[in-house]
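Encoded as structure tokens, the structure appears first; notes follow it.
Throughout, read-outs are computed from the coordinates displayed, never taken from laboratory work. Since the model is a prediction, treat every value here as computed from it, not as a measurement. Cβ atoms come from the backbone with ideal geometry, glycine included; neighbour counts cover every protein chain shown.
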Number of protein chains: 2
Amino acid sequence: MSNPLILKLEQRDRLSADEKRVLEGAISRVRVVAADEDIAREGERPSESSLLLDGFAARYKIFSNGRRQITAVHVPGDFVDLHSFLLKTMDHGVLALTPCRIAAVPHATLEKITDEYPHLTRLLWLNTLIDGAIHREWLTVMGRLSATAHMAHFVCELFLRLQIVGRTDGDTIQIPLTQAELGDTLGLSTVHVNRVLQELRKEGLIRWQGDALTVLDWERLKAVGEFTSTYLNIQKENR
Amino acid sequence: MSNPLILKLEQRDRLSADEKRVLEGAISRVRVVAADEDIAREGERPSESSLLLDGFAARYKIFSNGRRQITAVHVPGDFVDLHSFLLKTMDHGVLALTPCRIAAVPHATLEKITDEYPHLTRLLWLNTLIDGAIHREWLTVMGRLSATAHMAHFVCELFLRLQIVGRTDGDTIQIPLTQAELGDTLGLSTVHVNRVLQELRKEGLIRWQGDALTVLDWERLKAVGEFTSTYLNIQKENR
DNA sequence: CTTTCAGGTAAACATATGTAAGTGCGGGAC
DNA sequence: GTCCCGCACTTACATATGTTTACCTGAAAG
């Protein structure tokens, strides 16, 4: 079974056999986290970073009044807290949305990689830069698009990101988010999430049954969400 | 005159004399960009990254309908497009909000640093990780706080970030943003920015005259904006 | 089987924020 | 000096989205 991180990186650059071996070897152990459990908690100082091998996870912050905002949704191949290697203290929590298989990569190993494998280091750095690019895109969409457009955009993005790591089934993907969690992701109320989904369905853009989301009209969905994929940096380059 | 990037990094870790020399030497040339000019444009593939030495800059994206969203406001010491070293193509523009002095750092030099100076590499990586942390914080604030709280939060953040690089004058900082630009930053209309500012002034939290913003009641401003500074990672650590 | 409960859906109503269209001031251009 | 013109500021009005409450369904639990 191929490592989804390697799959993800190979969309962006060439990896030498040696580098692949180092990546595979960086995994110290694999653990399973149940749905709705925390993978990491705000305030912690992890000594290893978590690579998501299977399942969905989300980064979130909770305000004093209990309101929650999800700042990232992660799919297999994503490092959910690679940044803790250098930021040291978690400034947000990470939650398993589904049961998750997680590989732990010790920070000591990452430090060794930065000492000895410059190109691989750049690719890990790249990984966090793509996270950042996604954050920026979310900011623009949240700030300037309607709720409906925002939802359409989110669906487009998740579809592409799952496609990269081979987790699509034709035009269908699994989105294991409740409407409440979707609200926390898009900054909307649950009720409004429901309204928006009805609208997208009525327009014949998507079908959503249980966890299974099917894109019925890709072109119009992209148009509604003003989606372009450049920010995902799905391009082979010498980095 | 001390380099604001070195000032910024030294709040987060120790820099050796050698590393400081490398950083100083990385600057190929300094240019001046007039206010309202682009420092970088969407779609470009820069061969060097821009370090802001003086002035204010903003990253922005423009939608087809002309609506603009600012995703980051940069102050001296910030690398406005360090990510272009690895992302290659700019997925957004960078705008000079005031006249800016900008140091160009060739990507070739950055590559050399990643090959030869692992610790310095980690600090540059850290720099982009802090950008990411700020993006996440903006996402939570934009998604879950009121416009007033959002504005208060923004003021708190900018104040601290300017303080780090020695650009505060007591309780006063320079914020060279028009209310329209503030709206583009916070995802609000110009009219509502005005309303919110009036409210913060009436509450005695801030004074804003021209470019000069004075924080009158730091504690209450932080409370209104639900601001805590952890995400800025202003802590010396071994990284 | 029944009970329970999470999650999707719905309607009625409340409100934060946006839109459109202006006024007025102050500083730069000439 | 006068004339612009960008920018802060206002008002009146429109609407997207939030809040509250409730109902319904299917699936898990007992």
>> Go through (1) in a helix (DSSP H, G or I); (2) surrounded by fewer than 14 Cβ atoms within 10 Å (Cβ to Cβ); (3) away from DNA strand D (no atom under 13 Å from the Cβ) for residue B:221 and report which single condition fails.
In response: (2)
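Condition first: among the small types (Gly, Ala, Ser) and in a strand (DSSP E or B). Can you find one or more residues in segment A:20-33 that meet it?
To start, the set of residues in segment A:20-33 that are among the small types (Gly, Ala, Ser) comprises A:25-26, A:28.
With in a strand (DSSP E or B) added as a condition, the list becomes none.
The answer is no, given that none of the residues of segment A:20-33 is among the small types (Gly, Ala, Ser) and in a strand (DSSP E or B).
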> So which residues in segment A:115-144 are within 7 Å of chain B (Cβ to nearest Cβ), more than 17 Å from residue A:236 (Cα to Cα) and among the hydrophobic types (A, V, I, L, M, F, W, C), if there are any at all?
Replying inline: A:138, A:139, A:142
>> I want to confirm something. Restricting to segment B:75-96 and keeping residues that are of a type in the set (A, V, I, L, M, F, W, C) and touching a Gly at 6+ places or on another chain (Cβ under 7 Å), which single residue is farthest from the other protein chains (Cβ to nearest Cβ)?
In response: B:96
> Which residue out of A:169, A:184, A:131 is more than 12 Å from DNA strand D (Cβ to nearest atom) and either closer than 30 Å to residue B:68 by Cα or within 14 Å of the chain's Cα centre (by Cα) (or both)?
Replying inline: A:131
> Looking at segment A:51-74, which of its residues are part of a strand (DSSP E or B) and either among the hydroxyl-bearing types (Ser, Thr, Tyr) or under 10 Å from the mean Cα position of the chain (by Cα) (or both)?
Replying inline: A:52, A:57, A:58, A:59, A:60, A:71, A:72, A:73, A:74
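A quick yes/no check of all residues on (1) among the hydroxyl-bearing types (Ser, Thr, Tyr); (2) in contact with a Leu (Cβ under 9 Å, 6 or more places away or on another chain); (3) assigned to a loop (DSSP other than H, G, I, E, B); (4) free of Cβ contacts under 8 Å to residues at least 60 places away in the same chain:
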| site | (1), (2), (3), (4) |
| --- | --- |
| B:49 | yes, yes, no, no |
| B:76 | no, yes, yes, no |
| B:86 | no, yes, no, yes |
| B:89 | yes, no, yes, yes |
>> Pull out all pairs, ordered by first then second residue, where Cβ-Cβ is under 8 Å, the residues are six or more apart or on different chains, the first lies in segment B:178-207 and is more than 14 Å from chain A (Cβ to nearest Cβ) and under 25 Å from residue B:35 (Cβ atoms), and the second is more than 9 Å from DNA strand D (Cβ to nearest atom) and small (Gly, Ala, Ser).
In response: B:196/B:147
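Quickly run through segment B:145-173 and pick out the residues that are part of a loop (DSSP other than H, G, I, E, B) and facing another protein chain (nearest Cβ under 10 Å).
B:145
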> Got a sec? Which of A:128, A:89, A:114 is at negative phi, of a type outside the set (Lys, Arg) and touching a strand residue (DSSP E or B) at 6+ places or on another chain (Cβ under 8 Å)?
Replying inline: A:128
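I need the full set of residues from segment B:163-182 which are of a type in the set (Ser, Thr, Tyr) and over 30 Å from residue A:144 (Cα atoms), in order please.
If we filter segment B:163-182 for residues that are of a type in the set (Ser, Thr, Tyr), which is where we start, we get B:168, B:172, B:178.
The answer is B:168, B:172.
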> Between a first residue in segment A:218-235 that is within 11 Å of chain B (Cβ to nearest Cβ) and a second residue that is of a type in the set (Asp, Glu) and not in a loop (DSSP other than H, G, I, E, B), which pairs have beta carbons less than 6 Å apart while being 6 or more apart in sequence or on different chains?
Replying inline: A:231/A:137
>> Quick check on my filter: what residues within segment B:186-218 are in contact with a strand residue (DSSP E or B) (Cβ under 7 Å, 6 or more places away or on another chain), hydrophobic (A, V, I, L, M, F, W, C) and either in a helix (DSSP H, G or I) or away from DNA strand C (no atom under 15 Å from the Cβ) (or both)?
In response: B:197, B:200, B:206, B:213, B:215, B:216
